[in-house]
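Everything on this sheet refers to the single structure shown next.
The values are calculated or read from the model by the stated rules, or taken from the named source; none is laboratory data. Everything numeric here is computed off the predicted structure, so don't read it as measured data. Cβ atoms come from the backbone with ideal geometry, glycine included; neighbour counts cover every protein chain shown. Calculation scope for accessible area: heavy atoms of the full protein, side chains included, ligands and nucleic acids excluded. Shrake-Rupley method; radii C 1.70, N 1.55, O 1.52, S 1.80 Å.
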Amino acid sequence: MRTKISQITQKDIGKEFKIMGWIKSSRISKNFSFIEINDGSCFNNLQVILNSDIPEYEFITSKITTGASVSIIGDLVKSQGKEQAFELVAKKINILGECDPEKYPLQKKRHSFEFLREIAHLRARTNTFGAIARVRNTLAFATHEFFQQKGFLYINTPIITAADCEGAGEMFRVSTLDPENLPKTDKNNIDYKKDFFEKPAYLTVSGQLEGETYACALSDIYTFGPTFRAENSNTSRHLAEFWMIEPEMAFADIKDNMNCAEDYIKHCIKSVLEKCPQDIEFFNKFISPGVIDKLKNVLAQPFERLEYTKAIEILKNSTKKFEYSVEWGTDLQSEHERYLAEEHFKKPVILYNYPAHIKAFYMRQNDDGKTVAAMDILVAGIGEIIGGSQREERLDILEAKMDKMELDKQSYWWYLELRKYGSVPHAGFGLGFERLVQFVTGMENIRDVIPYPRYPGHCDF
Ligand code: 4AD
Ligand code: MG
């Protein structure tokens with residue numbers, strides 16, 4: 001039976017193992033050869049020694065090339081070298097899949113992340129992308145662990161929807177109509193009655209509205225699914241397809257929401273530091289020096305909680321030159337968000353009570369009549385990682401707000417009914433999963449923390 005490299009420890013010295021994996025590098029010589037094998041189960045390679053007394057030594061070593069896949073049976077011995085504690089002395093080796101060293105795009109040198117995006121089908125074999133995949137997996141597991149331990153129910157909200165949650169109109173259309181030959185109504189408009197759903201439909205930008213309906217029945221729920229935004233943002237923090245975690249809590253206010261969000265982020269960080277030490281060590285050394293200290297610093301103290309109005313004062317009094325100036329009422333740019341978290345407070349910041357007019361229609365109006373009970377969490381290097389709010393549970397106020405924002409109340413009829421039948425105070429937030437992976441790994445570009453990034457002009461693989 002095959003053993004994964006991650007399962008082999010120093011205690012196993014003296015035992016026989018069968019391992020399978022891909023060759024990362026090799027040093028071939030006449031009497032013996034060293035091969036580095038990786039099977040993705042952990043960051044570290046296993047060093048294999050191949051002595052020339054093995055049958056067909058010369059033929060086999062001619063096939064030992066970077067990228068080839070192999071199956072090896074051997075004995076685990078204490079290593080002579082300083083680099084590793086143990087190594088495998090091969091008794092039998094099978095080349096499963098050859099790899100032409102002249103053509104293999106992943107040479108043993110450092111490739112740029114831009115280049116690796118063009119070969120995204122192979123980049124998971126590199127140290128960096130293997131480590132990202134493992135950290136991403138650990139964060140996903142930690143997410144379920146956190147909410148399940150707290151008694152939240154995992155629910156699946158629809159991916160195809162007719163509702164625009166954020167009301168921002170940045171949705172991808174879902175249609176089976178023939179764009180070359182669109183059916184028309186008498187008035188020469190597109191006849192959506194002939195479309196698959198008999199009305200316009202889109203890919204969801206957020207599962208929140210549907211999530212609220214379940215929270216208003218089951219108390220605490222969370223979603224974890226793909227979301228889509230057709231915004232033309234070419235930044236290192238935006239994707240057209242990204243994953244979002246959206247908890248929603250009934251009988252909860254904005255404070256409960258902040259506490260939950262802060263605990264959740266801290267739980268995720270703890271989990272990665274505990275479960276992926278080799279991967280994080282790698283990021284700390286080669287990708288983002290100091291990332292481990294940064295994460296430990298996040299765990300060590302409470303997040304700063306600050307009203308939007310106070311943040312504007314801080315930004316206006318700052319001597320820092322911003323590209324965009326701020327006034328009370330302007331939406332913050334990433335440069336402002338990062339300044340607050342990175343430079344001013346040097347820790348994550350929960351900004352709350354934003355001006356109503358820069359936030360979505362569903363956020364709860366505060367008594368001052370100007371602000372809403374919104375909260376964003378801002379972190380170093382990224383800016384906004386979480387957006388959330390207490391929801392407007394009062395029907396009359398919500399309807400007035402929708403009228404003011406010129407939203408079609410008819411199409412949100414079901415959402416409004418939650419406020420007619422047993423309405424409760426409730427709150428929730430959305431965390432962009434890729435931004436969390438970025439934060440934890442220190443990777444600079446969001447396109448490198450999702451296996452197959454989708455962004456303007458790019459939908460490959
Ligand atoms: O702030 P947003 O737009 O909030 C919502 O969608 C709410 N419905 C969430 C809720 O209250 N249930 O998005 C939430 C988070 C952002 O803070 C950000 O981390 C991430 O989603 N996000 C993106 N991540 C990658 N690419 C994009 N284009 C993103 N847009 C938002
Ligand atoms: Mg937001």
Exercise for the section: Give, rounded to the nearest 20 debye, the magnitude of the charge dipole that the range 186-309 has about its Cα centre when Lys and Arg contribute +1 at Cβ and Asp and Glu contribute -1 at Cβ. Expected result: 420
Problem - Overall form of the range 47-147 per C-alpha gyration tensor (a/c, 1.5; a/b vs b/c) - result: oblate
Problem - Under-5 Å amide H pairs with residue 220, H placed in peptide plane, nonlocal only - result: 153, 250
Handout entry: the range 137-186: Cα Rg divided by the 2.2 N^0.38 Å rule of thumb
Key = 1.94
Problem - Interchain or long-range residues, amide H under 5 Å from residue 229's placed H - result: 241, 242
Practice task
Kindly provide the helix-only [θ] at 222 nm of the chain, computed as the sum of -39,500 (n - 2.57) over DSSP H runs of four or more divided by all residues, to the nearest 500 deg cm²/dmol?
Solution key: -8000 deg cm²/dmol
Exercise for the section: Report, in whole Å, the centroid distance computed from the Cα atoms of the range 152-180 and the range 371-426. Expected result: 18
Completion exercise
Taking Lys and Arg as +1 and Asp and Glu as -1, residues besides residue 93 with C-beta under 11 Å from its C-beta add up to +3
Completion exercise
Going residue by residue through the range 166-179, the Karplus relation 6.51 cos²θ - 1.76 cosθ + 1.60 with θ = phi - 60° gives ³J(HN,Hα) values, rounded to whole Hz and with x marking Gly or Pro, of 7, x, 9, x, 9, 10, 7, 7, 10, 8, 10, 5, 7, x
Practice task
Express the carbon and sulfur contribution to the solvent-accessible surface of the chain as a percent, rounded to the nearest whole number, probe 1.4 angstrom.
Solution key: 49
Practice task
Quick one: which residues, 5+ away or cross-chain, put their amide H under 5 Å from the amide H of residue 372? H built at 1.01 Å from N.
Solution key: 354, 356, 366
Practice task
Please give the solvent-accessible surface of residue 370 in Å², to the nearest 10, using a probe radius of 1.4 Å with every protein chain present.
Solution key: 120
Completion exercise
Regression test value, accessible area per residue of the chain, probe 1.4 Å, units Å², expected 50
Problem - Area accessible to solvent at residue 414, 1.4 Å probe radius, in Å² - result: 70
Exercise for the section: Can you bin the range 179-238 into rounded, prolate or oblate? Criterion: square roots of the alpha carbon gyration tensor eigenvalues sorted a ≥ b ≥ c, rounded for a/c under 1.5, prolate for a/b above b/c, oblate for the rest. Expected result: oblate
Practice task
Could you work out the mean projected area of the convex hull around the alpha carbons of the range 80-230, in square nanometres to one decimal?
Solution key: 18.2
Completion exercise
Rg/Rh over Cα atoms for the range 314-461, Kirkwood Rh, comes to 1.03
Handout entry: Convex hull volume per residue for the range 149-217, taking Cα atoms only, in Å³
Key = 124
Practice task
Could you let me know the centre-to-centre spacing of the range 10-60 and the range 296-344, using Cα atoms, in angstrom?
Solution key: 52
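Take the Cβ-Cβ distance between residue 25 and residue 333 as r, set R0 to 51 Å, and report the resulting FRET efficiency rounded to the nearest 0.05. Present the calculation step by step, with values, prior to reporting the outcome.
Values: r = 44 Å, r/R0 = 0.87.
My answer for the efficiency is 0.70.
Taking the Cβ of residue 105 as the centre, find all other residues whose Cβ is under 15 Å away and add up their charges (Lys, Arg: +1; Asp, Glu: -1). Before the final figure, lay out each step's value.
Values: positive: 24, 103, 108, 109, 110, 117, 123, 125; negative: 100, 102, 114, 118, 460.
So the environment of residue 105 carries a net charge of +3.
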Completion exercise
With T = 4 °C, eta = 1.567 mPa s and Kirkwood Rh from C-alpha pairs, the Stokes-Einstein D of the chain in µm²/s is about 51
Exercise for the section: Restricting things to alpha carbons, tell me how big the range 278-378 is in terms of Rg and Dmax, in Å. Expected result: 16.1, 51
